[in-house]
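The values are calculated or read from the model by the stated rules, or taken from the named source; none is laboratory data. Just so it is clear, the model here is predicted, and its values are computed rather than measured. Ideal geometry is used to build each Cβ from the backbone, glycine not excepted, and the neighbour counts take in all protein chains shown. When the accessible area is computed, the model is the full protein with side chains, heavy atoms only, and any ligands, DNA or RNA have been set aside. Shrake-Rupley method; radii C 1.70, N 1.55, O 1.52, S 1.80 Å.
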Amino acid sequence: QVQLVESGGGLVQAGGSLRLSCVASGRIFSGYVMGWFRQADGKEREFVAGISWTNTYYADSVKGRFTISRDNAKNTVYLQMNSLKPEDTAVYYCAGKGSPEANFGSWGRGTQVTVSS
């Protein structure tokens, strides 16, 4: 079982930046894939970014503004969010899975990001 804990959310003005962190504990194997999702009020949860050992993936809505990275020694994944927009306001969730082919099965509790206009 893998436990994920997010941090770094908060209130920021449009155009500002935030960096989210997610620390993973438990059985982390080589090849473990990490991702960030978000859910705004009244909307479905959506994929934001993902990272394997070699590749990164982004939703079109955040490409060029968000960067996902990982520190394997610390079992931590980051989401650097720049040029934030009010539409980025959501609860951001960290997720993990054992391989690229699997579904995300481990989830954090989420961290709120609010972007004011």
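Going Cα to Cα from Lys74, which lysines come in below 24 Å? Please leave out same-chain ones fewer than 8 positions away.
Once the sequence-local lysines are set aside, what remains near Lys74 is Lys97.
Tell me, what is a quarter of the convex hull surface for the C-alpha atoms of region 66-117, in nm² with one decimal?
That works out to 4.5 nm².
Would you check the accessible area of Arg19, probe 1.4 Å, heavy atoms only, in square angstrom rounded to 10?
130 Å²
For a quick check of understanding: with a 1.4 angstrom probe and all protein chains in place, what accessible area in square angstrom does Val5 have, to the nearest ten?
Looks like 90 Å² after rounding.
List the residues of region 84-111 whose backbone N lies under 15 Å from a point placed 7 Å from the Cα of Arg45 along the Cα-to-Cβ direction.
Those under the cut-off are 90-98, 103-111.
Run the Debye formula on the Cα coordinates of region 4-117, all scatterers equal and no solvent, and tell me log10 I(q)/I(0) at q = 0.14, 0.19 1/Å.
Values, matching the q order: -0.51, -0.93.
Per-residue accessible area for Asp41 at 1.4 Å probe radius, Å² rounded to 10?
150 Å²
Considering only DSSP beta bridges whose two residues both sit in the chain, what percent are antiparallel, to the nearest 5?
90 percent
Counting only heavy atoms of the protein chains, get the accessible area per residue of the chain (1.4 Å probe) and round it to a whole Å² value.
55 Å²
Between Tyr57 and Ser117, what is the label-point separation in nm under the 7 Å Cα-to-beta-carbon projection?
In this crude label model, Ser117 to Tyr57 measures out at 3.2 nm.
Would any residue of region 14-29 have its amide N under 13 Å from a label point 7 Å out along Cα→Cβ of Glu87? List them or say none.
The answer is none.
Expressed as a whole percentage, what fraction of the accessible surface of the chain belongs to carbon and sulfur atoms when a 1.4 Å probe is rolled over the protein heavy atoms?
46 percent
Mind checking the alpha-carbon convex hull of region 39-105 and giving the volume per residue in Å³?
105 Å³
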